[in-house]
1. Go through the range 132-145 and report how many residues are touching a Ser or Thr at 6+ places or on another chain (Cβ under 7 Å) and at pLDDT 75 or above.
2. Scanning the range 47-64 for residues that are surrounded by 15 or more Cβ atoms within 10 Å (Cβ to Cβ) and touching a residue at least 60 places away in the same chain (Cβ under 8 Å), which turns out nearest to Ser116 (Cα to Cα)?
3. Which ranges mark the strands (runs of 3 or more DSSP E) fully within the range 20-76 that have 3 or more residues being closer than 30 Å to Asn169 by Cβ and not β-branched (Val, Ile, Thr)?
4. Give just the number: which of (1) buried (at least 17 other Cβ atoms within 10 Å of the Cβ); (2) within 13 Å of the chain's Cα centre (by Cα) does Val117 not satisfy?
5. Ile128 is checked against (1) outside any loop (DSSP other than H, G, I, E, B); (2) within 12 Å of the chain's Cα centre (by Cα); (3) farther than 22 Å from Gln165 by Cβ and fails just one. What number does that condition carry?
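The values are calculated or read from the model by the stated rules, or taken from the named source; none is laboratory data. Bear in mind that the values here come from a model prediction, so they are computed numbers and not experimental data. All Cβ positions, even for glycine, are placed from backbone atoms using ideal geometry, and neighbour counts span all protein chains on display.
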Amino acid sequence: MTLSFHEYFTGMTRTSTFTVTVSCVQTINMLSSVPAKTYYIADPAINVSIPLYTLSPGTCPYELVYSATLDDGSPLPPPITLQGTDSASFLKLFHMDPTKTGVYKVRVKVVDPKTSVVNTSLTIDVTILCTKLISLVNNPIPASTIYTINTSVLKTTTFSLPTYQPTPNNCAIGALTYEILL
């Protein structure tokens, strides 16, 4: 803004330039939290809504800009994307690559662009899994076997270990642990 002073008798003019900042938003408050979310690779996408925030004073214009990173400030991994940058923002959970599994803490940041007031109090725990189901493929162990114990004739019975298939089938199930329950 420019302000000019003009002296009537001498005709001198003095001009001063200064900046006037009008700030409205003093605080940004989160309305609610978001419960932990679990997503399985290759499932349909899940949209995780980000809650609205309130402004103080409440008469300020709602112009917040949303962004998201991992809690440590690093970029979001491929299965997690932020859709939108305003009050309609949400996290989209979707991926087809079984190597993108993990447990992630996502931090949402909202900023008022005029005052630079920031709120980073919202974190969302996201777990990305691959194997949703393990199915028996072959070599089932019999449900029951009857033995008569004769100490003079020892008997050994051997069963082949069953094989399993994960769902979705591109998930690696790794080494299985077998346990005999009595």
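1. 5
2. This residue is Tyr53.
3. Working: elements: 27-30, 37-40, 46-49, 53-56, 65-70.
Once the strands (runs of 3 or more DSSP E) in the range 20-76 are filtered for at least 3 residues that are closer than 30 Å to Asn169 by Cβ and not β-branched (Val, Ile, Thr), what remains is 37-40.
4. (2)
5. Unmet condition: (3).
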